[in-house]
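Computed from the coordinates by the stated procedures, all read-outs in this text should not be read as laboratory data. Quick caveat: nothing in here was measured; it's all calculated off a predicted structure. For neighbour counting, all protein chains shown are included, and Cβ atoms are generated from backbone atoms with ideal geometry for every residue, glycine included.
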Amino acid sequence: MKREYATQMDAARRGIVTPEIEAVAKKENREVSFIMDMVAQGKVAIPANVNHKSLEPNGVGSMLKTKINVNLGVSRDCKDYDIEMQKVMSAVNLGAEAIMDLSSHGNTQPFRQKLCRECPAMVGTVPVYDAVIHYQRDLATLTAKDFVDVVRLHAEDGVDFVTLHCGITRKTIEQIRKGERKMNIVSRGGSLVFAWMSMTGEENPFYEYYDEILDICREYDVTVSLGDACRPGCLADATDGVQIEELIRLGELTQRAWDKDVQVMVEGPGHVPMDQIAANMKVQQTICKGAPFYVLGPLVTDIAPGYDHITAAIGGAIAAMSGAAFLCYVTPAEHLALPNVDDVREGIIASKIAAHAADIAKDLPGARAQDDRMADARRKLDWEAQYREALDPETAKSIRDSRAPEDDHADTCSMCGKFCAVRSMNKALAGEIIDIL
Ligand code: SF4
């Protein structure tokens, strides 16, 4: 049976409570009417393609819990669908709310379709990457229509959101050619669009045929994630004219999507010094009228390859506290190599810490409850309860077990042994003797 509304935004604007709006309200401990109002205004997006039947929907918005995305997908160096699918499910189990399929090798459609059949998290893609692989033709030979057709293919397959680098135009080519940036364009999709425009002499197809693309997105309820082709790739390029000018165009494109009831997220930086992050969030929220901001990092220093999950988590926590709604994970392998299973795990945990820390600072309903339970478990020296409340119980338990106290019956850990402050205080307050020697 055909549903009586086109998109979640269309439904919310007409006062229709969809199952997705209800599910999000429940997950967020919020009133249904509040979520509906936020979706109607575009301040919350619920990416939920009509064809993604296994989806457990989530809302993305600065007043909701901060969500995280994990990039995966088959590539030349990892082309086994089942192994990649295992990584997807383990990312979901670790708390990822979205998976971006950045497959870049072979026939990408079967994996994308498998993902939309089996994955309960939101699925996102970047159609411009896939165009080259899908047609198996060099970039310069592709036409604007080819790119639009790939967006349709992804929409039909059940993808919930697509990154479209619509904000870069021929004017950007001139700006970049002036050579004022250290890192030019570091967005993979953005660089492909730039290269295509340079080789063909034509305007950005995602910009030129934006209305046609919006019609496709409306038909399948695909959320547009407006890609920031010009996100800064180093601290020196942060908040420069190229970045801000693209953001202004993204603001215009946000409104054009909303005029067709198409949901929008806006992608953001990048590499940004800590003292510029809050201002970046404020500017985005003002220009894009509160559309959910989806940030990659931001990385707060350029000099920590091997540890960029940490540089990104520091920036992500500040960004989310200041208004970002959605964090793209970054792994220790960023700038260096394809992440392996351990890198993926560390990247997810770092992003979850950033997201959770921001949610506490934003005082979201129930955000601190788990921390309070952890504090109780720590005071009671109840190790099993501490593992239950830990973001990564497996790692917490394995560290304690690998360096257990010499005394098997010790209720403390081997860090302070019998000098354990918690134990001493518990005993002192209970009027007991404190046996240290
Ligand atoms: S031994 Fe030290 S680190 Fe371990 S629980 Fe007690 S106070 Fe904490």
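Computed over the Cα atoms of the range 1-149, the ratio of the radius of gyration to the Kirkwood radius (Rg/Rh) comes to 1.02. Diffusion coefficient (Stokes-Einstein, Kirkwood radius over C-alpha pairs, 37 °C, 0.692 mPa s) for the range 101-184: 228 µm²/s, rounded to a whole number.
Our coupling estimate for the range 59-76, obtained by passing each phi through the Karplus curve with A = 6.51, B = -1.76, C = 1.60 and θ = phi - 60°, is x, 10, x, 5, 8, 10, 4, 5, 9, 10, 10, 10, 8, 9, x, 6, 9, 4 Hz, Gly and Pro reported as x.
The protection proxy used here, the mean number of other Cβ atoms lying within 10 Å of each residue, ranks peptides 27-34, 202-209 as follows, highest first: 202-209, 27-34. Rounded to the nearest 20 debye, the dipole size of the chain about its Cα centre is 460 debye, using +1 on the Cβ of Lys and Arg and -1 on the Cβ of Asp and Glu. Between A236 and V422, the contour length at 0.36 nm per residue exceeds the Cα-Cα span by 62.3 nm.
Once the Cα atoms are used to define both axes, helix 274-287 deviates from the longest principal axis of the chain by about 50 degrees. Taking 0.36 nm per residue of sequence separation and removing the Cα-Cα distance, the K79/F34 pair yields an extension gain of 11.9 nm.
Whole-Hz Karplus values for the range 417-423 come out as x, 6, 8, 3, 4, 5, 4 Hz, taken residue by residue from phi with 6.51 cos²θ - 1.76 cosθ + 1.60 and θ = phi - 60°; glycine and proline positions read x. Figure legend: label point modelled 7 angstrom from the Cα of A369 along Cα→Cβ; residues of the range 14-49 with amide N under 15 Å from it are 25-31. Rounded to the nearest 10 degrees, the inclination of helix 241-258 to the longest alpha-carbon principal axis of the chain is 80 degrees. How large is ³J(HN,Hα) for each residue in the range 198-204, as worked out from phi by the Karplus curve 6.51 cos²θ - 1.76 cosθ + 1.60 (θ = phi - 60°), to whole Hz, x for Gly and Pro? Karplus-based 3J(HN,Hα) across the range 198-204 equals 5, 6, 9, x, 9, 7, 4 Hz.
Would you mind counting up the charge near P273? Only other residues with Cβ under 13 Å from its Cβ, with Lys and Arg at +1 and Asp and Glu at -1. Net of charged neighbours comes to -4.
The long axis of helix 19-28 is offset from the longest Cα principal axis of the chain by roughly 30 degrees.
Distant-in-sequence amide contacts of S225, defined by a placed amide H-H separation under 5 Å and a gap of 5 or more residues or a different chain, comprise V162, T163, L164, M265. With semi-axes defined as the square roots of five times the eigenvalues of the C-alpha gyration tensor, the equivalent ellipsoid of the chain measures 41, 24, 21 Å, largest first. Using 0.36 nm per residue and subtracting the Cα-Cα separation, the extra length available between V341 and N184 on full extension is 53.5 nm.
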